[in-house]
Amino acid sequence: MKLKDLAFRRDYPAFHYKSYHIQKDDGRITLRFDFEIPGLCTFSPTTVIETGNLSLMNPPDDEAARELVFSLGLVECVSYLKAVCPERLVVHCGALSEEDRRWWQKLYYHGLGEFLYRNDLQTDEQSLLTICAPEKKEASAPAARFGMDVIIPVGGGKDSAVTATLLKNCGKRIRYFTVNDQPARTATVLAAGGSERDMIRTRRTIAPNLLKLNREGFLNGHTPFSAIVAFLAAYCAYLTGSRDIVLSNEASANESNIAGLPVNHQYSKSYEFEQDVSDYIQNRLGLPMRYFSLLRPFNELQIAKYFAALPAFHPVFRSCNAGSKQNIWCGHCPKCLFVYCILAPFLPKDALDRIFGGCLTDKTELLEDFKGLCGLSPVKPFECVGTVSELCAALQMTIQKYQKEGIPLPALLAYYAKETENRPAPHDFLSDYNEENGIPAEYLPYVKEMYRYVSQH
């Protein structure tokens with residue numbers, strides 16, 4: 001269906017970003033955003049930042065802070081406007097230049113790529129919606145204080161564990177940033193040598209009215225959550241005077257889920273978006289903060305090899321979205337299957353099975369997900385997973401390893417071996433190095449340290 005023919009869009013043509021509020025109390029800062037779909041409902045989601053363990057270097061509500069919170073609201077509203085896909089986003093509480101409007105238009109279009117695809121809505125970047133906002137005037141450079149602290153967003157998976165390990169002895173204070181903290185995230189920080197005093201904990205709520213609309217049949221689907229992480233982490237970095245936000249996104253995050261279409265589940269983890277955020281923070285907001293990924297030079301296979309040598313994290317890391325609230329690997333989703341497969345070449349099978357509660361490549365009910373992950377079906381699962389080629393290389397390495405060790409091939413590996421028996425030897429992913437990474441020179445020694453290890457055979 002063409003987006004312009006959507007009934008919700010016709011019935012509710014405008015979405016309003018009415019206001020944002022910053023409230024500082026003892027031990028916390030509360031951000032509230034007020035949105036409205038006229039004739040339908042209002043939304044007032046909140047985000048709380050715990051500050052009891054933090055020393056704030058900059059005010060939470062000066063001009064620069066307000067610009068960051070305003071920008072965070074522009075990302076937050078995506079979760080709500082997608083319910084009706086309106087023709088216009090009307091902004092009442094901030095100003096945007098024409099260049100700013102194009103910046104947000106690009107994020108909305110690519111960040112909602114999976115949502116549009118899965119709801120069978122066809123449009124283009126210019127036609128998705130029109131952003132109506134007062135014209136921004138020239139602003140003076142903010143007078144802010146910054147030290148040398150580093151913020152590492154921690155999701156509880158293998159990637160942020162690797163980043164935290166690489167920077168453990170970097171000589172700077174590391175702060176670990178979490179959204180809606182879960183046991184695996186705190187455990188990752190502790191395993192990395194940090195403490196709970198080093199954590200920046202935030203809690204984000206979803207407005208109940210949105211959940212009600214979802215139950216009533218209004219549109220729902222994936223939104224660019226990592227863009228929320230970007231601007232919320234930037235606000236926390238400003239508060240604490242932390243100059244660098246160091247991500248753990250790999251080169252693989254750049255790949256589309258659907259060949260030939262701009263449908264990338266991980267768009268807001270891509271290098272393109274990372275560069276866009278850096279430009280926005282530095283050139284449009286005038287803040288000297290750096291936003292980059294330490295793992296961008298590497299692929300998933302290299303990260304898996306490095307992580308396999310960090311046993312302190314193996315009992316505590318979690319990447320499964322389905323099991324996140326229970327702090328478990330569910331063992332039934334494509335994310336669990338991918339992580340199992342990408343680690344298989346580097347960990348003993350019994351150790352891997354203990355982590356995941358069994359041999360996932362022996363579960364024939366995961367065959368369709370498996371085929372999507374390794375390119376034997378056209379759609380890669382909509383999860384934060386690596387490229388088809390990386391996974392195929394991991395499978396071939398694992399098959400060779402099991403055959404050498406006399407381990408019978410589990411059902412999915414046997415299926416893969418049969419389907420690809422004439423496939424050439426895999427590309428040597430362990431020797432790859434992605435030069436397009438934007439990593440500041442002072443951090444390159446840590447990258448080179450990792451590369452020396454993972455490229456050894």
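A few comments on the model shown:
- Region 395-410 residues that are open to solvent by less than 100 Å² (accessible area, probe 1.4 Å), paired with ones that are hydroxyl-bearing (Ser, Thr, Tyr) (beta carbon under 7 Å, 6 or more apart): Leu395/Tyr416; Leu409/Tyr402; Pro410/Thr361
- Filtered residues of region 418-457 (kept if surrounded by 16 or more Cβ atoms within 10 Å (Cβ to Cβ) and farther than 22 Å from Ser252 by Cα): Thr420
- Some residue of region 69-88 being in contact with an Asp or Glu (Cβ under 8 Å, 6 or more places away or on another chain), open to solvent by 60 Å² or more (accessible area, probe 1.4 Å) and modelled with pLDDT of 95 or more: no
Conditions tested, residue by residue: (1) among the charged types (D, E, K, R); (2) within 24 Å of Gln182 (Cα to Cα); (3) open to solvent by 30 Å² or more (accessible area, probe 1.4 Å).
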| site | (1), (2), (3) |
| --- | --- |
| Asn327 | no, yes, yes |
| Lys335 | yes, yes, no |
| Cys341 | no, no, no |
| Ala344 | no, no, no |
| Leu347 | no, no, no |
| Leu352 | no, yes, no |
| Ile355 | no, yes, yes |
| Cys359 | no, no, no |
| Leu366 | no, no, no |
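- Where Ser252 falls short, out of the listed (1) open to solvent by less than 10 Å² (accessible area, probe 1.4 Å); (2) among the hydroxyl-bearing types (Ser, Thr, Tyr); (3) more than 15 Å from the chain's Cα centre (by Cα); (4) closer than 25 Å to Thr387 by Cα: (3)
- Checking every residue in region 264-282 against the condition of being touching a residue at least 40 places away in the same chain (Cβ under 8 Å), over 21 Å from Gly156 (Cα atoms) and not in a helix (DSSP H, G or I) gives at least one match.
- When the criteria are applied in full, Thr30 fails the requirement of being in contact with a Leu (Cβ under 7 Å, 6 or more places away or on another chain), among the β-branched types (Val, Ile, Thr), under 21 Å from Thr178 (Cα atoms) and assigned to a strand (DSSP E or B).
- When each of Ser19, Ser55 is tested for being modelled with pLDDT under 95 and either assigned to a helix (DSSP H, G or I) or not hydrophobic (A, V, I, L, M, F, W, C) (or both), the lone residue that passes is Ser55.
- Residue within region 149-168 that is outside any loop (DSSP other than H, G, I, E, B), modelled with pLDDT under 95 and buried (at least 16 other Cβ atoms within 10 Å of the Cβ) present: no
- Index of the failed condition, Leu409 passing every other in (1) modelled with pLDDT of 95 or more; (2) within 16 Å of Val339 (Cβ to Cβ); (3) outside any helix (DSSP H, G or I); (4) not hydroxyl-bearing (Ser, Thr, Tyr): (2)
- Residue check, Ala143 of a type outside the set (Lys, Arg), farther than 30 Å from Phe313 by Cα, open to solvent by 10 Å² or more (accessible area, probe 1.4 Å) and at pLDDT 95 or above: no
- Scan region 37-48 for residues that are over 19 Å from Gly94 (Cα atoms), more than 23 Å from the chain's Cα centre (by Cα) and surrounded by 15 or more Cβ atoms within 10 Å (Cβ to Cβ) and the total you get is 2.
- Selection count, region 412-457, where residues are among the hydrophobic types (A, V, I, L, M, F, W, C) and either outside any helix (DSSP H, G or I) or farther than 26 Å from Thr361 by Cα (or both): 6
Residues are listed down the side, and each one gets a yes or a no for (1) open to solvent by less than 10 Å² (accessible area, probe 1.4 Å); (2) under 20 Å from Arg201 (Cβ atoms); (3) without any contact (Cβ under 8 Å) to a residue 24 or more places away in the chain; (4) not aliphatic (A, V, I, L, M):
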position	(1), (2), (3), (4)
Tyr20	no, no, no, yes
Phe35	yes, no, no, yes
Asn53	no, yes, no, yes
Arg66	no, no, no, yes
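- Selection of region 269-312 for residues being within 16 Å of Cys384 (Cα to Cα), out of contact with any Ser or Thr (no Cβ under 6 Å at 6 or more places or on another chain) and basic (Lys, Arg) yields only Arg296.
- Residue in region 217-238 that is touching a residue at least 24 places away in the same chain (Cβ under 8 Å), more than 23 Å from Tyr108 (Cα to Cα) and in contact with a Cys (Cβ under 8 Å, 6 or more places away or on another chain) present: no
- The residue that is nearest to Asn214 (Cα to Cα), counting only those in region 33-42 that are out of contact with any Leu (no Cβ under 9 Å at 6 or more places or on another chain) and in a strand (DSSP E or B), is Thr42.
- Taking each residue of region 100-121 that is closer than 18 Å to Tyr80 by Cβ and looking for partners that are open to solvent by less than 10 Å² (accessible area, probe 1.4 Å) and of a type in the set (Phe, Trp, Tyr) with beta-carbon atoms closer than 9 Å, six or more apart or interchain, yields Leu107/Phe273; Gly111/Phe273; Leu121/Phe115.
- Of all the residues in region 208-254, those that are of a type in the set (Lys, Arg) and either in a helix (DSSP H, G or I) or touching a helix residue (DSSP H, G or I) at 6+ places or on another chain (Cβ under 6 Å) (or both) number 2.
- Residues within region 413-439 that are hydrophobic (A, V, I, L, M, F, W, C) and touching a residue at least 60 places away in the same chain (Cβ under 8 Å), tallied: 3
The values are calculated or read from the model by the stated rules, or taken from the named source; none is laboratory data. Since the model is a prediction, treat every value here as computed from it, not as a measurement. Cβ atoms come from the backbone with ideal geometry, glycine included; neighbour counts cover every protein chain shown. Side chains are part of the model used for accessible areas, which takes the heavy atoms of the whole protein and leaves out ligands, DNA and RNA. Shrake-Rupley method; radii C 1.70, N 1.55, O 1.52, S 1.80 Å.
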